[in-house]
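The block underneath contains the structure these notes are about, expressed in structure tokens.
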Amino acid sequence: MIDIPTALTPAETAELQTLAEGFDVLEVGSLLGYSTTRLAERARIVHSVDPHEGYPADNPRPTLAPFLANLVECGVREKVVVHIGQDIDVLPSLRRGQFDLAFLDMTGMYEDTMRGIMLAVPLLRHYAALAVHDCGHPDYPGALAAVQTYANMTGTTFRLIDRLAIFEQTWN
């Protein structure tokens with residue numbers, strides 16, 4: 001396996017791979033492709049959404065070329081559909097009920113995370129999982145706040161694995 005920078009812990013990665021096993025996955029926020037490659041190793045297909053505008057924040061460089069190179073080097077390029085754009089632009093164009101797992105690893109800001117959740121949920125199949133990263137991260141309190149807001153709004157529960165919040169339930 002090649003070394004791709006990531007904030008995912010081994011436990012989070014293992015859980016995402018278990019949730020993705022044989023399924024259709026939506027990933028919002030791929031950066032350089034660590035989670036994309038790990039998901040694609042197990043998923044039937046991964047739809048990856050990211051603007052690829054630049055990273056890191058203090059000296060941004062476009063991420064699309066290294067992202068694609070990482071997919072190729074890990075041997076999963078044929079299992080990844082790449083959508084270049086923001087969640088708000090891409091997700092409404094995807095088919096309702098298309099995915100078994102949605103993994104959101106966005107900015108960690110409350111508004112972005114809440115919007116991502118609200119856009120992703122209609123895209124989930126009847127029984128599916130929604131996973132949101134950075135929950136409990138001290139620099140990104142908005143992610144957990146959005147997850148808690150969504151849980152309170154809908155009367156649902158989630159579990160945490162490190163900083164990964166997971167809803168597994170029957171959706172509308």
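Quick note: the coordinates plus some simple rules give every number you see, no bench work behind them. As the structure is a prediction and not an experimental result, all values here were calculated from the model. Using ideal geometry, Cβ is built from the backbone for each residue, glycine included, and neighbour counts are taken over all protein chains shown.
A simple rule links phi to the HN-Hα coupling: the Karplus curve 6.51 cos²θ - 1.76 cosθ + 1.60 with θ = phi - 60°, which for the stretch 66-81 gives x, 4, 5, 4, 5, 4, 5, 4, 8, x, 10, 4, 5, 9, 10, 9 Hz, with x for Gly and Pro. When only the Cβ of Lys, Arg, Asp and Glu is charged (+1, +1, -1, -1), the dipole of the chain relative to its Cα centre reaches about 480 debye. Once Lys and Arg get +1 and Asp and Glu get -1 on their Cβ, which of Ala43, Leu144, Asn59 lies farthest toward the positive end of the dipole of the stretch 1-147? Towards the positive end, the residue furthest out is Ala43.
Please give me the summed charge of the neighbours of Arg159: other residues whose Cβ is under 13 Å from its Cβ, Lys and Arg +1, Asp and Glu -1.
Net charge in that neighbourhood comes out at -3.
Take the Cα of Leu64, step 7 Å toward its Cβ, do the same at Asp89, and the gap between the two points is 1.0 nm.
The value given for the chain is a Kirkwood hydrodynamic radius of 15.8 Å, derived from the mean inverse Cα-Cα separation. Take the Cα of Thr6, step 7 Å along the line toward its Cβ, and report every residue of the stretch 22-36 whose backbone nitrogen sits under 15 Å from that point. Those under the cut-off are 27-36. Couplings 3J(HN,Hα) for the stretch 98-106, derived from phi with the Karplus relation 6.51 cos²θ - 1.76 cosθ + 1.60 (θ = phi - 60°), are 8, 10, 9, 8, 10, 10, 10, 9, 9 Hz, where x marks Gly and Pro.
Only helices enter the 222 nm calculation for the chain: every DSSP H run of n ≥ 4 contributes -39,500 (n - 2.57), and dividing by all residues gives -10000 deg cm²/dmol, rounded to 500. Working note: Karplus 6.51/-1.76/1.60 with θ = phi - 60° gives the stretch 28-44 the couplings 10, x, 10, 6, 9, x, 4, 5, 4, 5, 5, 5, 5, 4, 10, 6, 5 Hz, where Gly and Pro are set to x.
Taking Cα centroids, how far is the stretch 83-139 from the stretch 5-40 in Å? What the calculation gives is 13 Å, centre to centre.
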